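Since every read-out is calculated from the coordinates, none of them should be taken as a lab result. In this text, all values refer to a predicted model and were calculated from it rather than measured experimentally. Here the Cβ is made from the backbone with ideal geometry for all residues, glycine too, and neighbour counts use every protein chain on show.
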Amino acid sequence: MKTIAIVISVILSVLVLYFAWNTCRWDKTFPKNDAVSVSRVHFKNRYGIMLAGDLYMPKNKSEKKLPAIAISGPFGAVKEQSSGLYAQEMASRGFIALAFDPSFTGESGGNPRFVASPDINTEDFSAAVDYLSNRNDVDADKISIIGICGWGGMAINAAAMDTRIRATVASTMYDMTRVMANGYFDADDNADARHKTLVALNNQRTIDYKRGTAELAGGVVDPLPDDAPQFVRDYHAYYKTPRGYHRRSLNSNGGWNKTSSLSFINMPILQRAGEIRSAVLLVHGANAHSRYFSEDAFKKLTGKNKELVIVPNATHTDLYDNMEKIPFDKIENFIRENIK
């Protein structure tokens, strides 16, 4: 009996050590910055969905309250990818930075899984502001947001609604409502093309209901076809290789629920962009296929505290993780200047 007890004790000790290691191990797609600490946090949005985030802080922070930033994106990514990289970098520059998984994705709650919503996902940014505003170490009057790729559009939409947001940065921005309604480069911007898409999506709803499960659209195509356009190759180089692959990322794996597009087609998220009174910085690569989204969004913005920065020789995905291309100095200076 004594031997059995010893064996059980050893097994339990090993299990405790394993789970402690599994909890603390670095599971991000980018290198760890030892000057920054990171901890797991949870907070609910207005719809009662529990969101999961990684909170990054400078290790040498003083006792005074710090400005904070909520960060999410790209569309179909998780907090361990690009948003976490942005959060860690901004924390190294003196901010409290929260990278979070949007509703229905990653480690955040919400069912069905792998579905997007222009309303709920905009709310996710405001929920992050709720959380940050109530931390004792955050200056609630100095909260900003950063949205990457599809969450750049959500960030602009949030800024048009949430007056607590002092500055907004949209990096390599997609307007997901535009691309889902009109196709890439507005190639399908006509009623017949949209009707064809809607027929297919609503037929899929019938199938999903009958099966009791939602069919996924598939992540980034793999293997790449010979005729894949360059921007698809760029996505593959990020999501499907060790550079950016993550086991919870939709784009790295099975993709979104096919019918997610339905709620985007009839809901333009940038319709109130011209009413944003807080500061907005749009950052895009000169060589990005998606550059037109930021350029057209910038035309909607009004006031002297709006700016568009085009990064030379940068593609769409360069602004996901290329530390030589992402203009962090500009992002930091813009935010600090507009939260004074």
**Report entry** Pairs beyond 26 Å (Cα-Cα), from LYS44/LYS340; LYS299/LYS325; LYS65/LYS325; LYS61/LYS240
**Finding:** LYS44/LYS340; LYS65/LYS325; LYS61/LYS240
Query raised in the report: By how many nm would the segment from GLU295 to ASP27 grow when fully extended, if each residue of separation counts as 0.36 nm and the alpha-carbon distance is taken off?
Result: 93.0 nm
Query - Mean ellipticity per residue at 222 nm, deg cm²/dmol - from DSSP H runs of n ≥ 4 across the chain, formula -39500 (n - 2.57) - result: -12000 deg cm²/dmol
Query - Under 18 Å from LYS300, Cα to Cα: lysines that are on another chain or at least 8 residues apart - result: none
Report task. State, as an integer percentage, the relative contact order of the range 248-340 based on alpha-carbon contacts under 8 Å between residues 6 or more apart. Result -> 26
Report task. In debye, nearest 20, what is the charge dipole magnitude of the chain about its Cα centre with +1 on Lys and Arg Cβ and -1 on Asp and Glu Cβ, if you could check? Result -> 820
Query raised in the report: Given Cα pairs under 8 Å that are at least 6 residues apart, what percent is the relative contact order of the range 54-97?
Result: 57
Requested in this report: Run the numbers on the chain and let me know its relative contact order in percent, using alpha-carbon pairs under 8 Å that are six or more apart.
Outcome: 17
Query raised in the report: the range 33-85 to the range 267-321: how many Å between their Cα centroids?
Result: 23
**Report entry** Gap separating the Cα centres of the range 108-181 and the range 243-265, nearest whole Å
**Finding:** 18
**Report entry** Candidate aspartates and glutamates for bridging to LYS142, where Cα separation is under 12 Å - those fewer than 8 sequence places away on the same chain excluded
**Finding:** GLU337
Query raised in the report: Taking the Cα centre of the range 45-98 as the origin and placing charges on Cβ (Lys, Arg +1; Asp, Glu -1), which of ASN60, PRO74, ALA91 is farthest toward the positive end of the dipole?
Result: ASN60
